[in-house]
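Engineer: Below you'll find the structure I mean.
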Amino acid sequence: MTVIRRLNCFDVSKIKKMISYLGNDDGEKFSKALTNEAFIMLQDLLPLKYKFMPVSFILLENKEILGLITVVPTSGNPYKINITRLIFRQNLYDVGKRLIDFVIARLGAKGASSFNVTVDQSHDELLDLFMKGCGFRQCSYENLWKLDNFTPLTDKKADFRYCQNSDAIQVAALYNNELNNLYKPSLERAKDEYKEPVFAGMTNFYKNRYVLEDESTHRIIAYLSITTSDNFNFIIDMSLNDGYNIPYDEIINFALGEISRKKTKFYAFLKHRQYTKNADILEKYLHERNLNCIQTQCVLVKDFYKPVKQTENALQVFLFGENELASN
């Protein structure tokens, strides 16, 4: 008998055996995260619009755990669901498909409008699982470039300040304007996604956010975020107004300076989003600086569109070639 249910505290020891191959550090972090999720039961009582923590589901067959999936609502937009973890026993791709279909059906029925996942481009079978098996489509790519032995061409730092909730409208517009038109329907962000979460201390990562203003107009022309989940590896992400020539060196100098104020040893990575208008310019800069791309992930999306309610017993007449649509 096959059952899919929410992860609970009694399942953690069995999951630890499944992931024992990860090694001491990775396995310990993974187990700690799952243990925390297994004990947070309050979210089950909340409607989707109030959910903010990761939730995991497991698939059991004859009481044996064959797979696990974890989903996290987007901060500021809980109807946009991120799939962050998928585990299943070797070659049991059907288990993965059933878990994905389960969370889509369960959360879609509660109002979720889209599901997102990033998959390493080298994982062909996993890409097939999401795209051919579960109806996801590939939007574009996100790359991570390691800022290893980075030597800036200038000592100057961009004059960023901390981002505030009142900046959210401008920052969202900045990000959305940076997107290529082809990707806007699936990848646009709402202003609330740029507001500090109420329960920021309960998330499994830490993020600092900054903005750069035009001195004469006080218009926000750049947004910068620095994110870490382990306080050792830091991901730098930025959105820029393409009407301003803001040197990348100055932005990176500022970001590395902010990290080094708190850490003496760390790894820093720059996120390169290929679905933006300036993606080619940034990639050229990164190559010129002899930096290395250490990871490329495919951005996969599955959207739900609500059908327009039609009048009962309506008759639709399609007049081909006449460019008309009549409804009586």
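Engineer: Which condition from (1) in contact (Cβ under 8 Å) with a residue 24 or more places away in the chain; (2) surrounded by fewer than 20 Cβ atoms within 10 Å (Cβ to Cβ) is the one that residue 59 breaks?
Structural biologist: (2)
Engineer: A follow-up question, please. Return the only residue of 139, 134 being within 17 Å of the chain's Cα centre (by Cα) and outside the structural domain of residue 13 (by TED's automatic domain parsing).
Structural biologist: The unique qualifying residue is 139.
Engineer: Hey, another quick one. Within the range 254-277, can you find the residues that are of a type in the set (S, T, N, Q) and either buried (at least 16 other Cβ atoms within 10 Å of the Cβ) or not in a loop (DSSP other than H, G, I, E, B) (or both)?
Structural biologist: Across the range 254-277, the qualifying residues are 260, 274, 276.
Engineer: Which strands (runs of 3 or more DSSP E) sit wholly inside the range 147-253 and have at least 3 residues that are crowded, with 16+ Cβ neighbours inside 10 Å, in contact with a helix residue (DSSP H, G or I) (Cβ under 7 Å, 6 or more places away or on another chain) and not assigned by TED's automatic domain parsing to the domain that holds residue 81?
Structural biologist: So the answer is 220-228, 233-240.
Engineer: Please verify whether residue 101 is modelled with pLDDT of 95 or more and either within 30 Å of residue 47 (Cβ to Cβ) or exposed (fewer than 15 other Cβ atoms within 10 Å of the Cβ) (or both), treating the condition exactly as stated.
Structural biologist: yes
Engineer: All but one of (1) more than 17 Å from residue 301 (Cβ to Cβ); (2) buried (at least 16 other Cβ atoms within 10 Å of the Cβ) hold for residue 92, so report the exception by its number.
Structural biologist: Unmet for residue 92, out of (1) more than 17 Å from residue 301 (Cβ to Cβ); (2) buried (at least 16 other Cβ atoms within 10 Å of the Cβ): (2).
Engineer: Additional query: Output yes when any residue across the range 114-121 is touching a residue at least 24 places away in the same chain (Cβ under 8 Å), out of contact with any Phe, Trp or Tyr (no Cβ under 8 Å at 6 or more places or on another chain) and among the small types (Gly, Ala, Ser), and no when none is.
Structural biologist: Scanning the range 114-121 turns up no residue that is touching a residue at least 24 places away in the same chain (Cβ under 8 Å), out of contact with any Phe, Trp or Tyr (no Cβ under 8 Å at 6 or more places or on another chain) and among the small types (Gly, Ala, Ser).
Engineer: In the range 62-104, what count of residues is obtained for those that are in contact (Cβ under 8 Å) with a residue 40 or more places away in the chain, in a helix (DSSP H, G or I) and under 24 Å from residue 13 (Cα atoms)?
Structural biologist: 5
Engineer: Condition (residue is assigned to a helix (DSSP H, G or I), within 29 Å of residue 50 (Cα to Cα), not basic (Lys, Arg) and not assigned by TED's automatic domain parsing to the domain that holds residue 274) applied to the range 116-130: is it met by at least one residue?
Structural biologist: Yes, because at least one residue in the range 116-130 is assigned to a helix (DSSP H, G or I), within 29 Å of residue 50 (Cα to Cα), not basic (Lys, Arg) and not assigned by TED's automatic domain parsing to the domain that holds residue 274.
Engineer: Would you mind stating whether residue 111 is of a type in the set (Gly, Ala, Ser), at negative phi and either surrounded by fewer than 20 Cβ atoms within 10 Å (Cβ to Cβ) or in the same structural domain as residue 189 (by TED's automatic domain parsing) (or both)?
Structural biologist: No; evaluated as a whole, the condition is false for this residue.
Engineer: Still on this structure, please answer the following. Say whether the condition of being out of contact with any Phe, Trp or Tyr (no Cβ under 6 Å at 6 or more places or on another chain), modelled with pLDDT of 90 or more, among the hydrophobic types (A, V, I, L, M, F, W, C) and outside any helix (DSSP H, G or I) is met by at least one residue in the range 36-57.
Structural biologist: yes
The values are calculated or read from the model by the stated rules, or taken from the named source; none is laboratory data. Here the structure is a predicted model, which means the values were calculated and not measured. Positions of Cβ are generated from backbone atoms using ideal geometry, with glycine treated the same way; all protein chains shown enter the neighbour counts.
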